[in-house]
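The values are calculated or read from the model by the stated rules, or taken from the named source; none is laboratory data. Small disclaimer: the values here were computed from a predicted structure and weren't measured. Backbone-built Cβ (ideal geometry, glycine too); neighbour counts: all protein chains shown.
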Amino acid sequence: MTLEGHQLLYSGKVRELYAPLHADGSVDTSRLLLVASDRVSAYDHILDTPIPDKGAVLTQLSLWWFDQLADLAPHHVESTDVPEQVAGRAVYVRRLTMLPVECVARAYLTGGGLAEYAATGTVSGVPLPSGLVDGSRLPEPVFTPSTKAPVGQHDEPISVDEVARLVGPGLADRLRGLTVEILARGNDIAAGRGILIADTKVEFGVDPAAVPLGGDGEPQWSRVDPDAVEIVLADEVLTPDSSRFWRAEDWTPGRPQTSYDKQVLRDWLTSPASGWDRAGDAPPPALPEAVLELTRARYVEAYEALTGHTFTPTR
Ligand code: ATP
Ligand code: MG
C-alpha cells in the first residue's frame, strides 16, 4: 500500500512499517508509522480473506494495554493522529533501536514450552514441578526468549545465557524482569474479565543515541549501561496476535485449549465443509461470510471484555 508522505520500509505478514517524510521529501528518522492490516494467519498460512476491523481492534487493544502497563515500562506510541487511509489501525511511534530478542513469557504450559517440558522437565532451562500437562498453570510466569528470525524463518528458542551473550547480563536481566511483570499484570487484569493469557511476546527498544555502533554498524549492546538506559516497550502488546488468549470458563488442563480468536476459523478450515487439506500444498480457501463474521466478533469480544469499552469501527 502506498501512503502519501510516507516511505514503505517493511511489509510483514500482518503489519506494515512506514517512515514519515519531511516536507522537503527527506526521511524523518525519529518516527515510524506502524500499520496493522486486517490480514490473519492460520496454520502458518496468511489467509486470502481479511477479517474486517481486525487491524483496528488490535491497534486499539495495544493502546489500551500500553496505558495499563505505563508504570512498568514507558511505551513507544507518540500519536494516534494518523492519515485517514489507516485511521484507527495505525500509530506513530518513536523509532527505536530494537533489542535483538523476542521476549516471551509463559504463564501456562502449551506449545513449544510443553514440548520442552515433556523432554526435559524444564522450560528455557527453568525446572518445573512434575506432573504438569497441556494447559497447566505454571507456579509463576517463566521467561522463554527466542531469536528474532529474519523474514520467512521461524524464531528459535534461546536460553537466558544466550540472551546475556547478545545484550549483556544486565540488560538480559531487565528484559526478563519486564517481560514476566507484563504478563503477570496482564493476567491480573484479564482474569477478572474472563480471559487467560497463556503466553505472550513483547519487544523492547532503546533510544538510538544510547547505543554505540561498532565498525560493522551493528549495535554494541555490551557497551550500554544496563542500569541507566531507558527500556521502551515497543511493537504491539498483549494482543491475540502476540499472545495466546484462552476463554477462562473453558480452561481444562490436560487437553489443547480453545483459542479465543481463531478457533472458529480453524474449526472451519479443518472441517469437510472447507474442502481443504491441511497437509497438502494448496493454500486455504476463501472464508465464507459466516466464518468471517464470527471471527470478527471474537476479536471485538476480546477487546470489549478486556477494556470495558465498546468497539466503534473507524471505517
Ligand atoms: P511478522 O510478520 O512475523 O510479525 P515481524 O514481527 O518482523 O514479522 P511486524 O510485526 O509486522 O513484523 O513488524 C513490526 C516490526 O517493527 C518488527 O520488526 C519490530 O521489531 C519493529 N518495531 C516495532 N516497534 C518499533 C519501534 N518503535 N522502533 C523500531 N522498530 C520497531
Ligand atoms: Mg511481529
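Below, the figures for the structure above:
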| quantity | calculated |
| --- | --- |
| Criterion violated by D227 - all others in (1) out of contact with any Gly (no Cβ under 9 Å at 6 or more places or on another chain); (2) exposed (fewer than 14 other Cβ atoms within 10 Å of the Cβ) satisfied | (1) |
| Selected residue (only one of T179, T200, T147 is in contact with a strand residue (DSSP E or B) (Cβ under 8 Å, 6 or more places away or on another chain), within 16 Å of ligand 2 (Cβ to nearest atom), over 26 Å from Q68 (Cα atoms) and not acidic (D, E)) | T147 |
| Filter result (among the acidic types (D, E) and surrounded by 12 or more Cβ atoms within 10 Å (Cβ to Cβ)) within segment 247-283 | D250, D261, D267 |
| The listed residue being at pLDDT 95 or above, hydrophobic (A, V, I, L, M, F, W, C) and under 22 Å from the mean Cα position of the chain (by Cα), out of A234, A228, A210 | A234 |
| Hits in segment 15-37 - residues which are β-branched (V, I, T), surrounded by fewer than 20 Cβ atoms within 10 Å (Cβ to Cβ) and either near ligand 1 (Cβ under 10 Å from one of its atoms) or not in a strand (DSSP E or B) (or both) | T29 |
| Residues of segment 42-97 classified as within 16 Å of ligand 1 (Cβ to nearest atom) and on the phi > 0 side of the Ramachandran plot, total | 2 |
| All positions within segment 124-137 that are out of contact with any Pro (no Cβ under 9 Å at 6 or more places or on another chain) and either closer than 17 Å to E156 by Cβ or aromatic (F, W, Y) (or both) | G125 |
| Given (1) within 14 Å of ligand 1 (Cβ to nearest atom); (2) touching a residue at least 24 places away in the same chain (Cβ under 8 Å); (3) of a type in the set (A, V, I, L, M, F, W, C), number of the condition A209 does not satisfy | (2) |
| Criterion: of a type in the set (D, E) and in contact with a Leu (Cβ under 7 Å, 6 or more places away or on another chain) - qualifying residue of D188, D155, D134, D161 | D134 |
| In segment 1-14, the residues that are buried (at least 16 other Cβ atoms within 10 Å of the Cβ), away from ligand 1 (no atom under 13 Å from the Cβ) and either farther than 30 Å from L287 by Cα or of a type in the set (V, I, T) (or both) | H6 |
| Elements of type strands (runs of 3 or more DSSP E) in segment 84-181, at least 2 residues being within 16 Å of the chain's Cα centre (by Cα), modelled with pLDDT of 95 or more and surrounded by 14 or more Cβ atoms within 10 Å (Cβ to Cβ) | 90-94, 101-108 |
| Subset of segment 286-315 (residues that are assigned to a loop (DSSP other than H, G, I, E, B) and within 26 Å of the chain's Cα centre (by Cα)) | A286, L287, G308, H309, T310, F311, T312, P313, T314, R315 |
